[in-house]
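Only one structure is covered here, and it is reproduced in the block below.
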Amino acid sequence: MKNPILILSLLLLASCGPKEPALKDAFEGKFILGAAVNTQQINGKDTRGDSVLFRHFAAIEPENCMKSAEIMPKFGQYDWTLADQYVDFGSSHGLVVYGHCLIWHSQCTPDFCYDECGSLISPELLKERMKQHITTVVTRYKGRIKGWDVVNEAILEDGTYRKSPFYQILGEEFIPWAFQCAQEADPDLELYYNDYSMHEPKKLDAVIKMVQDIQARGIRIDAVGFQGHIGMDYPELGLYEKHIRRIKEETGLDVCITELDMSILPSVTQSADVSGMDFFELMRNPDKREAYLEKADPYRGNFPEDVCAAWNERMGQFLEMFLRNADVIRRINLWGVSDWDSWKNGWPIPGRQDAPLWVDREFKLKPFLKPYLDE
Ligand code: GLA
């Protein structure tokens with residue numbers, strides 16, 4: 001075929017041919033589909049996942065770059081470089097941009113709650129500092145960030161408050177105060193409380209009580225984030241569903257499924273809290289490390305077909321459940337774009353390889369999603 005016009009027309013025709021439908025469109029009107037992005041993706045050093053992100057996801061969250069220790073290495077001294085790049089990255093690609101997280105005990109600016117001698121600061125000073133930090137960050141991105149995780153992980157599985165420095169200084173008050181500051185800084189912002197293990201009944205009861213307390217004070221909170229760091233053997237799906245509905249029934253709030261990733265590996269713990277493990281010993285002692293990995297990472301990146309099928313079946317059941325409750329669920333946010341990006345690789349010790357996300361290492365959507373794309 002030598003005719004260049006004919007070749008050009010054929011190429012044009014081929015490029016206009018049917019494209020794989022987009023996941024975000026399949027769920028339109030039900031919930032917003034988002035994914036967390038990491039530093040390398042934000043600064044353009046890792047563009048491998050970009051096309052799948054832009055095609056299938058409607059929103060982004062920052063995996064780390066907006067946590068207080070990242071954005072403010074020392075109290076009051078900000079480094080906006082990455083956070084600005086993150087917001088620009090999202091808006092330049094037409095993605096809805098979310099913020100994570102304003103007040104969290106972990107990855108927290110070291111001197112946020114302490115004076116120069118290392119003692120906890122006074123309640124008055126902490127309130128002032130919280131207001132200063134929240135106002136500064138929220139105001140900077142006003143109108144560009146749709147919603148913030150205002151407080152992250154303040155309640156434990158047994159329903160008691162985490163004894164974080166924020167709690168030690170202000171008691172339960174630090175939570176409504178954080179929401180009040182965020183609301184004042186940007187009245188149009190969506191405000192969320194975000195936590196893991198929301199299938200734990202005592203924890204759920206305490207979160208509901210905390211939300212009701214915020215509401216009783218006339219302070220706004222818009223949704224509760226159920227972190228979706230789940231496993232093949234937890235949580236029980238029915239209980240998770242019941243708890244999603246309880247949030248709506250007992251507080252009127254929506255739920256966001258946040259940080260969704262389901263480890264394909266045997267569970268080591270149900271939360272990111274592995275403080276009881278002796279990592280140094282595991283890292284120092286190759287035999288112990290190997291013995292640990294044999295249990296915690298039996299596949300070493302070669303996931304057997306039946307294991308992948310079981311993962312797809314369970315994730316498919318969760319997705320069906322999310323769709324059944326789309327009247328309550330506002331957003332689903334994966335904690336990473338593809339299996340390459342997941343924090344679960346190398347967690348809790350280096351060398352562990354997981355496959356917890358909806359997009360595999362070849363940047364293909366996993367099989368459980370096929371029915372939604374065929375519709
Ligand atoms: C918590 C945080 C996230 C992330 C994960 C582990 O769930 O909310 O930002 O740090 O732990 O990666």
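Where a number appears in this text, it was derived from the coordinates with a stated rule and is not lab data. These numbers were taken from a predicted model, which means no experiment stands behind them. Cβ: placed from backbone, ideal geometry, glycine included. Neighbour counts: every protein chain shown.
In the stretch 238-260, of all residues being part of a helix (DSSP H, G or I) and in contact (Cβ under 8 Å) with a residue 60 or more places away in the chain, the one that is nearest to the ligand (Cβ to nearest atom) corresponds to Y240.
Residues satisfying the criterion are present in the stretch 209-223 (criterion: more than 21 Å from the chain's Cα centre (by Cα), β-branched (V, I, T) and surrounded by 14 or more Cβ atoms within 10 Å (Cβ to Cβ)).
Taken together, the residues in the stretch 196-230 that are over 14 Å from K242 (Cα atoms) and assigned to a loop (DSSP other than H, G, I, E, B) amount to 7.
Restricting attention to the stretch 28-56, which residues are part of a helix (DSSP H, G or I), within 16 Å of the ligand (Cβ to nearest atom) and polar (S, T, N, Q)? Show your work before the answer.
The initial filter retains those residues of the stretch 28-56 that are part of a helix (DSSP H, G or I), namely 39-42, 50-56.
Applying the additional criterion that residues be within 16 Å of the ligand (Cβ to nearest atom) yields 39-42.
Hits for the stretch 28-56 are T39, Q40, Q41.
Can you spot a residue in the stretch 186-194 that is touching a Ser or Thr at 6+ places or on another chain (Cβ under 9 Å), away from the ligand (no atom under 15 Å from the Cβ) and part of a helix (DSSP H, G or I)? Walk me through it before giving the result.
Going through the stretch 186-194, the residues touching a Ser or Thr at 6+ places or on another chain (Cβ under 9 Å) turn out to be 186, 192, 194.
Filter again for away from the ligand (no atom under 15 Å from the Cβ), leaving 186.
Keeping just the survivors that are part of a helix (DSSP H, G or I) gives none.
No - not one qualifying residue is present in the stretch 186-194.
If the requirement is being in contact (Cβ under 8 Å) with a residue 60 or more places away in the chain, among the aliphatic types (A, V, I, L, M) and touching a Cys at 6+ places or on another chain (Cβ under 9 Å), which of these qualifies: I71, I134, I169?
Values: I134 fails: in contact (Cβ under 8 Å) with a residue 60 or more places away in the chain; I169 fails: in contact (Cβ under 8 Å) with a residue 60 or more places away in the chain.
So the residue among I71, I134, I169 that is in contact (Cβ under 8 Å) with a residue 60 or more places away in the chain, among the aliphatic types (A, V, I, L, M) and touching a Cys at 6+ places or on another chain (Cβ under 9 Å) is I71.
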